[in-house]
Amino acid sequence: MDQLLPTTRGQALQYTLNAQVQSWRKLVLSRLAARDANGRLAELAWMSAITYTAYDSQMASASRLLLQGIPVPQVLGALGARDVPSLLVLWRPWAAHQSELFRLGRGVLSPQDANHVTALLATHNIRPQSGEIA
């Protein structure tokens, strides 16, 4: 079990989502008595990396779909987002970071595409429907 015991999210982010989930699963299924503070730190690092990796993937997929012309309401529905402002709270920081990464050759969304997605989202003022949660 000690082969994959990162104690920071940065260390855990070095692995694929599948490896993150499998490693976290092995860790939480291990005997509680065998889990010391480092084991608990590793559990938190894996969960943080899984959450970040899933968030990154969601924002990349949503951006690609919007750029491909999928209607904003359908993208919101797929994400489970209540409305455009809810999506923007998540999307803007991700897009800003992608812009920096793109300049370094590692991002998945160009600044021009980010501006296009921002414009698409700005044209929609979708109110939550009854029973939906953000």
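The values are calculated or read from the model by the stated rules, or taken from the named source; none is laboratory data. Predicted model, so just to flag it, every value in this text is computed and none were measured. Virtual Cβ from ideal backbone geometry, glycine too; neighbours counted across all protein chains shown. Quick note on the areas: whole protein, heavy atoms, side chains included, nothing else; ligands and nucleic acids left out. Shrake-Rupley method; radii C 1.70, N 1.55, O 1.52, S 1.80 Å.
List of remarks:
- Low-density loop positions, trypsin sites (Lys or Arg not before Pro), region 35-134 - DSSP coil, at most 13 other Cβ in 10 Å: Arg106
- Choice from Leu104, Leu87, Leu76 with maximal GNM fluctuation in the chain (Cα, 10 Å cutoff): Leu104
- Mean separation of Cα contacts under 8 Å, 6 or more apart, over the residue count of the chain: relative contact order %: 23
- Which of Gln98, Tyr15, Leu41, positive extreme of dipole for the chain (C-beta unit charges): Leu41
- The chain: DSSP helices with Cα axial extent of at least 15 Å and average Kyte-Doolittle hydropathy no lower than -0.5: 17-29, 37-67, 84-103, 111-122
- Kirkwood Rh (inverse of mean 1/r, distinct Cα pairs), the chain, angstrom: 16.7
- Heavy-atom accessible area order for Tyr52, Tyr15, largest first, 1.4 Å probe: Tyr15, Tyr52
- Per residue accessible area of region 22-87, 1.4 Å probe, in Å²: 55
- This model, with +1 at the C-beta of Lys and Arg and -1 at the C-beta of Asp and Glu, gives the chain a dipole about its Cα centre of some 180 debye.
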